[in-house]
Amino acid sequence: MKYTFGKQIGDTAATVRLSAGEKSRMRAALLARMHPEKEKIKSAVKTPMAIPSPIVLGDADMVSPASRQPKGRVKPKIYVAPEPSFGWFSFATFRFVPSALALFLIVGSGVTYAAEGTLPGDTLYPLKVNFTEEVRSAFTFSKESEASWKTRRAERRLEEAEKLAAEGRLTADTSAALAGAIGRHTDDARTTLAEFEEGDETGGAVAIGSKFETALAAHEAILSHIVFTGGGASAESGAEVVETVRAKLGQATTRVRGAHAIEAKTTSLMAVEDASTTEMLSASTAASVGVSAVVASRLRSAAEAQIRSMEKTFEGLSNTADADAKVRIETEIAGVQKLFADGVAANEAGNMEEAARLFDESLSRARKAELFMQAELRLNVNLFRGGSIFYGTGEEDATKGSDDSE
Amino acid sequence: MEKEQQYMEAYEKYSDALFRHCFFRLSDRERALELVQETYMRAWVYLEDGEEIVAFKAFLYKILNNLIIDEYRRKRPISLDALLEESEVLEGDIAALRDDASGEAMGLSVDIEKLKGSLAVLPEPYKEAITLRYIDGLSPKEISDLIEESENVVSVRIHRGIRKLREYFEKALPTESKSI
């Protein structure tokens, strides 16, 4: 019948919709149109934070005071942040060139560059941790960049442990060494974060802390998966690292981060969120932090950036992932989008606590999804495979079989 | 503030539907994205000027529909060959249309490619009527308000449009249609 045919058309057509990425990009464009001032501030704030690797020259604009210090003094005592409006370009002005060059020569030279990709046990690995990373640490001039770098440093150790475990090269010795380093760097990062949080009104500490704790939980899951499904030897030698990460997760005491770690442990990535638990935890989080509009706005831009990054990772993955995994990832991405959209709505409605909670949650879930995808890309670990028990807690991984290891 | 909220709600609520509509009208995903964004931009400008939007859905459809009409006008007349090629309908198939193949009795399998291809060759204003009626699920009354034609005209267009579309479906891929 005609009606049936028409309905068929409608049902078929209904599968056509904006992709998560398209929808968020368009939303961003509309928001930018609605709040042109806000967008400007946001991008200005974001610039100094985006320091993904020690080789990035963008940092060089922060080096200038050092170059005027007496020889041998690398870290200046006082550093006045450059005007945000200068952003990236300040490093192009003349007086910055020598220091930019110096940093490039130190950190960007061939040997240190080669050392970047090394793992514990490699010849150049000590250069990476004792030199490149130390130099990099010396070039953090605000609490924020320091906290950001320290969390990154802890994550670098976790990534190394994963890589080694995935390649079956994780010995008891390296496991112990990495466990020690992870413990140290995590503590270090948390201390700095706590200090940063103290006088911070920008919400930056909350955003970095939230990302970091999510990353810890995700790495714990990835590591557990590799170690405990990889067979006997690796399970034994890797156990120490996994134990350390779990212990560190359990120690998350500070407000936001504590809630996150528990949340990450108790809720699975792909499962439909247990609304009551999540909401309860997050609500208490938001309340205790004393959320202001500034924090909400900061979390919003952090979440936005993270979501974009997650989508990009997904694009990179989409060729290799199997259909089932793709559906799971897409579902998760859509979920994150929804959270973020709800956050935007709450934000516009002036409900800042709710907005901050939603942005925080979408930031955290986007980060987690991205890390899982990256693990799949980097390590060929299929975390999204159908029937995987992977989204549960690490303990389950330990007890269940190794269906996913092949 | 309230205005913004309503606007963003309208974005979450209708952007997919508007995109879908535009996608089938233009058979061009990228262009559809642009027009949908433009639609929302214009709605915002309208709000910014202090105007009120009472019915967002109808308002947005109205803007989009105007944009699509502009788009048609701006574009050179599309060659049928190009359309046929794009939709993978062979000329021979069209000639081989069997009048006796009663659409009513056939269960057609409808997939997205076929739908897109068939709609691409369906002439305006039938395409508009069919898209609004079956893809957007608007009532003939709503369509009539939107395109400013009488309900009677709308009904006739829907009726003829669906018949034509059926024909395309049956012609395009006769092997895939199977009896119930």
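So how many residues does region A:11-30 have that are more than 7 Å from chain B (Cβ to nearest Cβ) and more than 24 Å from the chain's Cα centre (by Cα)? Matching residues across region A:11-30 total 2. Which of the residues spanning region B:20-46 are more than 8 Å from chain A (Cβ to nearest Cβ) and of a type in the set (V, I, T)? The answer is B:T39, B:V45.
Scanning region B:57-66 for residues that are under 16 Å from B:E9 (Cα atoms) and within 14 Å of chain A (Cβ to nearest Cβ) yields one hit, B:L60.
Close contacts from region B:7-19, counting a first residue that is more than 7 Å from chain A (Cβ to nearest Cβ) and a second that is among the aromatic types (F, W, Y), with Cβ to Cβ under 6 Å and a gap of 6+ residues or different chains, come to B:A10/B:F56.
Contact map, region B:109-125: residues that are at the interface with chain A (Cβ under 9 Å from one of its Cβ atoms) and more than 15 Å from B:I135 (Cα to Cα) paired with residues that are surrounded by fewer than 20 Cβ atoms within 10 Å (Cβ to Cβ) and of a type in the set (G, A, S), Cβ distance under 8 Å, separation 6+ or inter-chain. Pairs shown: B:S109/B:S177. Say whether the condition of being crowded, with 22+ Cβ neighbours inside 10 Å and closer than 23 Å to A:G238 by Cα is met by at least one residue in region A:199-212. Scanning region A:199-212, I find at least one residue that is crowded, with 22+ Cβ neighbours inside 10 Å and closer than 23 Å to A:G238 by Cα, so the answer is yes.
Evaluating B:E4 against the criteria (1) surrounded by 15 or more Cβ atoms within 10 Å (Cβ to Cβ); (2) on the phi < 0 side of the Ramachandran plot; (3) touching a residue at least 40 places away in the same chain (Cβ under 8 Å) leaves one unmet condition, (3). Inside region B:30-56, residues that are within 23 Å of A:D11 (Cα to Cα) and surrounded by fewer than 16 Cβ atoms within 10 Å (Cβ to Cβ) make up a count of 1. For region A:183-198, the tally of residues that are surrounded by fewer than 24 Cβ atoms within 10 Å (Cβ to Cβ) and among the β-branched types (V, I, T) stands at 2. When A:K265 is tested against the conditions (1) at pLDDT 85 or above; (2) basic (K, R); (3) within 26 Å of A:E155 (Cβ to Cβ), the lone failure is (1). Every test in (1) in contact with a Phe, Trp or Tyr (Cβ under 9 Å, 6 or more places away or on another chain); (2) within 14 Å of chain A (Cβ to nearest Cβ); (3) modelled with pLDDT under 85 is passed by B:I94 save one, and that test is (2). If you go through region B:127-162 and keep only what is within 9 Å of the chain's Cα centre (by Cα) and within 13 Å of chain A (Cβ to nearest Cβ), you end up with B:K127, B:A129, B:I130, B:T131, B:L132, B:R133, B:Y134, B:I135, B:D136. Considering region A:314-351, the residues that are touching a residue at least 60 places away in the same chain (Cβ under 8 Å) and within 12 Å of chain B (Cβ to nearest Cβ) include one that is nearest to A:A32 (Cα to Cα), namely A:V344.
The values are calculated or read from the model by the stated rules, or taken from the named source; none is laboratory data. In this text, all values refer to a predicted model and were calculated from it rather than measured experimentally. Virtual Cβ from ideal backbone geometry, glycine too; neighbours counted across all protein chains shown.
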